[in-house]
Amino acid sequence: MIAIRPRHLLYTAVLFYAGLLSRAAGADFQAILGDLPKTVSAEKGPYLVTSDIYVPAGKTVVVDAGAVFLFKNFTGLHVQGTLIAKGTAEKPVVFTSENDKRFNKETALIANPYDWNGIFIHNDAIGTDLQHVEVVYSVYGINALTRFFRIVAGTFRDNGRANLTIEGQAQAVTAEPYTYSLSVKNAAIDGVPVKILLDPDARRRNIVRYTGIGVLAAGVVAGAVFTTQWDASKKRMSTVAGDLFTYTSSDFTAAQSARNTNAALMTACYALGFIGACGFTYSFTF
């Protein structure tokens, strides 16, 4: 349930009317305004923002991967508490115009810059974490009054005045995924709790990544050793098999067993190296 601020009571009729329009157009949108709930689910969207929406001061709002917000003209998102957007590369959290035809195929208009106001991160919104978000067709993109927040692989395009402004300074944002994170050193100087700037996945990522490298290296080196031994044991078996006057059947059985053992160990080591490579690659996904 979305909490309605007193100043938005006048928009009740607008909300109801917007819902009627959406249904009439065949669009399956969830109209929202006012304070956001603790968790915003992607399954209930796309969300049609009919008036400003808020992350209330002192509260934390978590937005699930794949959530889509379609903003009407003159609306925006105000982050006064802490916003955690859990987008992924495959399922970004999208903030866009109601005329974005990717999500609103019924619209007769074309999405353009200045279609909606943008995202405003207020002074006290320390610790806001935006991962794999897309901000398009707005006026200001993201306008942050504090520098104590984080963006990971954010996408900005077709915003009118700016893509990202931090404490009044426009940032050089290109079409490539953009990442911003203030250093722990700067946080300590300003007395901000360091933990809010740390990547919560950093420890797990480093463990997986460096363990993967170690396993990969060990598997490849050991595999190369057993490859050499397998080749030698294979030649030994061929020698024994070709000279049955000198060697006995037990010699052949021993040579064959050595070849098979080295082949199994060689395969196991290369398989271990492959698992290490998979772990190393996986560490870049979170």
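Taken together, the values in this text are just the output of simple stated rules run on the coordinates, not laboratory data. If you're wondering where the values come from, they're calculated on a predicted model, not measured in any experiment. Cβ atoms come from the backbone with ideal geometry, glycine included; neighbour counts cover every protein chain shown.
The table for this structure:
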item	result
Residue that is surrounded by the most Cβ atoms within 10 Å (Cβ to Cβ), among those in the range 105-138 that are among the polar types (S, T, N, Q) and in contact with a strand residue (DSSP E or B) (Cβ under 6 Å, 6 or more places away or on another chain)	138
Count of residues meeting criterion [under 12 Å from residue 130 (Cβ atoms) and part of a loop (DSSP other than H, G, I, E, B)] in the range 68-94	2
Checking residue 148 against (1) touching a helix residue (DSSP H, G or I) at 6+ places or on another chain (Cβ under 7 Å); (2) surrounded by fewer than 17 Cβ atoms within 10 Å (Cβ to Cβ), the condition it does not meet	(2)
Members of the range 228-251 that are among the aliphatic types (A, V, I, L, M) and in contact with a helix residue (DSSP H, G or I) (Cβ under 7 Å, 6 or more places away or on another chain)	237, 240, 241
